Each structure stands twice: as C-alpha cells, then as structure tokens.
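First comes the structure, then the notes that go with it.
The values are calculated or read from the model by the stated rules, or taken from the named source; none is laboratory data. These numbers were taken from a predicted model, which means no experiment stands behind them. For neighbour counting, all protein chains shown are included, and Cβ atoms are generated from backbone atoms with ideal geometry for every residue, glycine included. SASA here: full protein model, heavy atoms, side chains in, ligands and nucleic acids out. Shrake-Rupley method; radii C 1.70, N 1.55, O 1.52, S 1.80 Å.
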Amino acid sequence: MSASLVGSEMCIRDRAIVSSALFLIVIDMTVLYTALPTLTHDLHATASDKLWIVNIYALVASGLLLGMGTLGDKLGHKPLFISGLVVFGTASLLAAYSPTPGILIAARALLAIGAAMMMPATLSIIRLTFADERERALAIGIWAAVASGGAAFGPVMGGILLEYFWWGSVFLINVPVVLLALIMGITVIPHRPGNASHRWDFIGSLLIMVGLIGVTYAIKELGKRVPSYDDALIALLIGVAFITLFVRRQRNSTHPLVDFSLFRLRPFSAAVAAAIVAAAALIGMELAFTQRLQLVVGLSPLQAGLFILPLSLASFISGPLTGKILPHVNSGKILAAGLLISALGMGSYLLLHNASTVVQIISLTVIGAGVGSTMTAASST
C-alpha cells in the first residue's frame, strides 16, 4: 500500500473521529429543545430552571474555549481531546440520571467543560492533518456542516429518542459514541507534542466565563414576568466588570488568549460577526420553533423533530459544497450570500408560518442552506 493511500486513510479516520466528537458537542446545545416539556414535568423544573438547563452549557463552554485552545497548544491537542471525551462521557451519565434540576444544571456545566476541552482540538487536528489548501477547505466545510447541521439535528434526535425512551436518553446516547471515539482517538490520531513554554491563562478564561454568565443572568432576570431590577443591575455590573478585566488582561499580556488586533482585519472581523449572527439566529429560532410546535400546535416530540429535519439536512449538504468552492470564490461574497439566504428563509417563514407544510419545509430548507454556507465560510476565514 502506497504512503499516499495510507496517509489518505488516516486523514479520513481523523476526520471521522473529530467529526463524531464535534457532533456530540453541538447536538447537546439543542437536543433538549424537544425534551423540555417532558423534562420540566418530570423534574418539576421552574421557568428559571429551564433557562439555566438550556443555557449553562453554552455559557461555560464559550467561556472556557479560549483557555482550552491555548492549553492544547501547550500540552498537545490529542491529550486534551482524549481527556475531554472522558469528561464528556462521565457528565452524560450524570445528566441522564439527574434526580433534580440543580444536579442536571451541574451536569450540563460539566458537559460544557468536556466540550470546551475537545472543540478547539477538532479544528486544530484538521488544520495540522490537511496540508493541501483544497483538502483543508473541504475538511473545514465538513467540520462546519457537522457544527451547524448537528445543532439543527439536535431537536430531531431528541424527538426520536423521546418517542420511545425517557428524557435522560438524550444524554445517554452520547456514551457509546464517546467510547467509540475514545478507542479510535487513542489508536489513530497522531500525537504531536505541544509547546511546553506556551503560557496558559486560566485566570483569563475564568474572567470571560464569569462575565458572560453575569450579563446573561441580567438578561434572564429582566425577561421574567416580575423581574428584580436590583438583581439584574448587580449581575450586569459584575458581568461588565469581569469582561472589562478580561479585555485589559489580554491587551497587557505577551501571550493573550485573544489578540484583539486581529479584529482590525476586515475578513476576520466579518467572519466572526457572520458566525455569531448565524449561530444565534439558528439556535434562537430552533428553541422558539420547537416549543411552538409542541405547546401551541400540539405535535409530539417526534413530530416536532421531524418537522425541523429539512433545516438540518440542508445545512449538512451546503457546508461541504461551500468548502468545495471556497478556494475559487472570495470568502466575503460567500459570507454575504449565506447570510442573505438565511435571512430570506427566516423572513419567509415568519410571513408564511401558517401556510401549508410544503411551504414551511421550503423556508426551513433555505434557512439551513444559508446557515451551513455561512458557518463554513466563517470557519475557513
């Protein structure tokens, strides 16, 4: 067997391993959407409990991502990736059998720690494995398709599982995938040593995480029917203070977690903005959409999940296709086109949400295609 063929097979295996792990990470952001009504009933969760069960995962993960990325540079991305799988699998078991909302929120936070350990490694492994620009663009296209499509597929998976099992199955399903990825990751992914002299700013990670949680808590408090304005103001001040400390720390650091000078580069700042808009629109729309289908329209979790399936399928398909054309087209044009397509899809659904099922499916497909394309172009840039 030629060396090029062996290398190609290893690249495919690496891609499969990181894609399966990434799929678990992103699907856990949205898999609870169809499970929320059942979960709320079984655990006697309050409205505030529900919000924290859904959002603590993304808040902790986003706060730790920067620090875990630099820790991977220091220790090597494979050890951190493997450790993240172990944490993620353990947290999945805890979440599946949580007897109270508080324990489930803690388990979701632990899931987020495992996700933050794995996610930077998934893109780094791809970047190091695929040297050719075209192959790397396609691999990133698949990565982005898994990221956006996995988030879109979460409600579908939740609906299917809840049709036959209890709500904890949406977490328990992670365990066999984690075990398989763990075995393959240990044996297949090559170990590339990190830079031991690289600084890891753990304090910076904590600052941004507390800042994000503080600002989010303030927003949630103001969203209550009878909000406590004092609590909201205190949380907002704490959040803003910690984010300010984080920014100052990064600007004074010789090895910052975020090099803010990068945002002066128009392609980079445009890609970040596009990714934020696309992800926020997709996840926010899905949460409202799945709750409406179950609590207003009266669909079952499975029916609600299947209804949203066209969105996830379109996202899965558009990601690799965009990766194929990225080397030949300006990424800025693809970003603009992807956002425009997403906006047209969401606008059409807003106007036609009471139309026939076929019309609604077309709108959802357009949304998925636009988001998948946007996330691919943003990730590659």
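Sort 250-257, 207-214 by packing, meaning the average of other beta carbons within 10 Å per residue, with the highest value first.
The densest-packed peptide leads the list: 207-214, 250-257.
I'd like the accessible area for Glu163, computed on protein heavy atoms only with a 1.4 Å probe and all protein chains in place. Round to 10 Å², please.
Answer for Glu163: close to 80 Å² accessible.
Compare the peptides 115-121, 45-51, 100-106 by average per-residue count of other Cβ atoms within 10 angstrom and give them in order, highest first.
Order by mean packing, descending: 115-121, 100-106, 45-51.
Please quote Rg/Rh for the stretch 248-337 to two decimal places, taking the Kirkwood radius as Rh and restricting both calculations to Cα atoms.
1.14
What does the accessible area of Lys74 come to, in Å² to the nearest 10, when a probe of 1.4 Å is used?
Ignoring ligands and nucleic acids, Lys74 comes out at about 60 Å².
Mean shadow of the stretch 230-381, computed from the convex hull of its alpha carbons, in nm²?
12.4
Tell me the relative contact order for the stretch 223-381 as a rounded percent, counting alpha carbon contacts under 8 Å between residues six or more apart.
Reported relative contact order: 29 percent.
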